[in-house]
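Trainee: Take a look at the following structure, please.
The values are calculated or read from the model by the stated rules, or taken from the named source; none is laboratory data. Predicted, not measured: the structure shown is a model, and the values here were computed from it. FYI the Cβ positions are ideal-geometry reconstructions off the backbone, even for glycines, and counts take in every protein chain you see. Side chains included, ligands, DNA and RNA excluded: accessible areas come from the protein's heavy atoms. Shrake-Rupley method; radii C 1.70, N 1.55, O 1.52, S 1.80 Å.
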Amino acid sequence: MKLFYAPQSPFARKVRVVSIEIGVEEQIELVFIKVLPGTPNTTFQNTHNPLRKIPALETSGGSTIYDSTVICEYLDSLSGVTKMIPADGPERWRTLTNHALAQGMCESAVLIRYETWLRPEPLRWANWTNDQWDRINTGLEWFERNDEAVGGQIDLAQITLGCLLGYMDFRWPDNGWRERYPNISDWYEILMRRPSFSRTIPQDPSPA
Ligand SMILES: N[C@@H](CCC(=O)N[C@@H](CS)C(=O)NCC(=O)O)C(=O)O
């Protein structure tokens with residue numbers, strides 16, 4: 001399988017973490033790809049993902065799967081025993097809902113990055129950026145209050161929250177979320193000891 005990815009992407013990291021957690025990492029070849037709003041990568045768009053977003057997974061059968069959540073579900077299904085999302089019961093809906101929150105927070109973070117780095121300065125809209133930050137902070141407050149959501153058996157929701165926090169440290173190292181959210185901070189410190197997280201810390205792609 002080939003994973004089209006970039007080493008700074010929280011969504012691609014989510015897939016890599018899952019692949020390590022469930023033991024299929026060695027079946028996946030990482031293929032770096034540059035995608036950016038406003039600079040269409042038409043080859044990738046035509047061959048793999050019409051939305052030209054990463055991650056995208058080319059399966060060994062040659063078909064392509066996106067987005068990150070669908071890829072994670074696909075990988076999780078390969079073993080026959082799903083580990084990342086409970087198969088049924090209230091835990092399933094809790095995990096999927098917590099995941100939707102963490103995923104939405106990742107989407108806000110990446111949009112803030114595009115708005116504050118890519119968009120020409122005269123066109124930037126501070127209210128919109130603040131609104132995205134507000135969603136992230138309100139989400140973090142929710143996870144801080146609901147400590148059963150951060151702890152216990154690792155799942156797709158926790159992995160996605162971990163990828164958000166890693167992305168925040170990477171892009172906004174002075175954000176100070178650890179001081180504001182001590183429960184999340186303690187949990188994240190333990191999470192970062194897992195090889196799946198310590199081996200996938202976001203970095204800028206090599207210029208080569
Ligand atoms: N919902 C998608 C989001 C993927 C996404 O936004 N990826 C970013 C990189 S972190 C991207 O491909 N951006 C290129 C673009 O928006 O043109 C997923 O979960 O895979």
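Trainee: In whole Hz and in residue order, list the ³J(HN,Hα) couplings for segment 77-91 that follow from phi through the Karplus curve 6.51 cos²θ - 1.76 cosθ + 1.60, θ = phi - 60°; x for Gly and Pro.
Mentor: Running phi through 6.51 cos²θ - 1.76 cosθ + 1.60 with θ = phi - 60° gives 7, 5, 7, x, 10, 6, 10, 8, 10, x, 5, 7, x, x, 5 Hz.
Trainee: Near the amide H of residue 31, under 5 Å away, which other amide H atoms are found, from residues 5 or more places off or on another chain, if H is placed in the peptide plane?
Mentor: Residues meeting the criterion, in which the H sits 1.01 Å from N, are 3, 4, 5.
Trainee: Also, I was wondering about something else. Roughly to the nearest percent, how much of the accessible area of segment 2-78 is carbon and sulfur, given a 1.4 Å probe?
Mentor: Carbon plus sulfur share of accessible area: 49 percent.
Trainee: Check the straight Cα-Cα distances from residue 14 and name the lysines below 16 Å, setting aside those fewer than 8 residues away within the same chain.
Mentor: Output for residue 14: 2, 53, 83.
Trainee: Send over a whole-number figure in Å² for the accessible area per residue of segment 2-78, probe 1.4 Å.
Mentor: 47 Å²
Trainee: Here's something else I'd like to know. As a test of the formula, what do you get for the chain when each DSSP H run with n ≥ 4 contributes -39,500 (n - 2.57) and the sum is divided by the residue count, at 222 nm and rounded to the nearest 500 deg cm²/dmol?
Mentor: -16000 deg cm²/dmol
Trainee: If you find the alpha carbon centre of segment 173-208 and of segment 121-157, how far apart are they in angstrom?
Mentor: 15 Å
Trainee: Convert each backbone phi in segment 38-50 into a coupling constant with the Karplus relation 6.51 cos²θ - 1.76 cosθ + 1.60 (shift: θ = phi - 60°), then list the ³J(HN,Hα) values in order as whole Hz, x for Gly and Pro.
Mentor: Per-residue couplings from phi come out as x, 10, x, 8, 6, 4, 4, 4, 7, 9, 10, 9, x Hz.
Trainee: Could you run the Karplus curve 6.51 cos²θ - 1.76 cosθ + 1.60 with θ = phi - 60° over segment 137-150 and give me ³J(HN,Hα) per residue in whole Hz, x for Gly and Pro?
Mentor: Couplings: 5, 5, x, 5, 4, 5, 5, 4, 6, 9, 6, 5, 7, 10 Hz.
Trainee: Now a separate question. With each label point set 7 Å from Cα along the Cα-Cβ vector, what nm distance links residue 96 and residue 29?
Mentor: So the two model labels end up 3.5 nm from each other.
Trainee: For residue 43 and residue 2, what does the FRET efficiency come to when R0 = 22 Å and r is the distance between their Cβ atoms, rounded to the nearest 0.05?
Mentor: For R0 = 22 Å, the calculated efficiency reads 0.95.
Trainee: Sticking with this one: Compute the distance in nm between two label points, each set 7 Å from the Cα along the Cα-to-Cβ direction, one at residue 79 and one at residue 121.
Mentor: 5.0 nm
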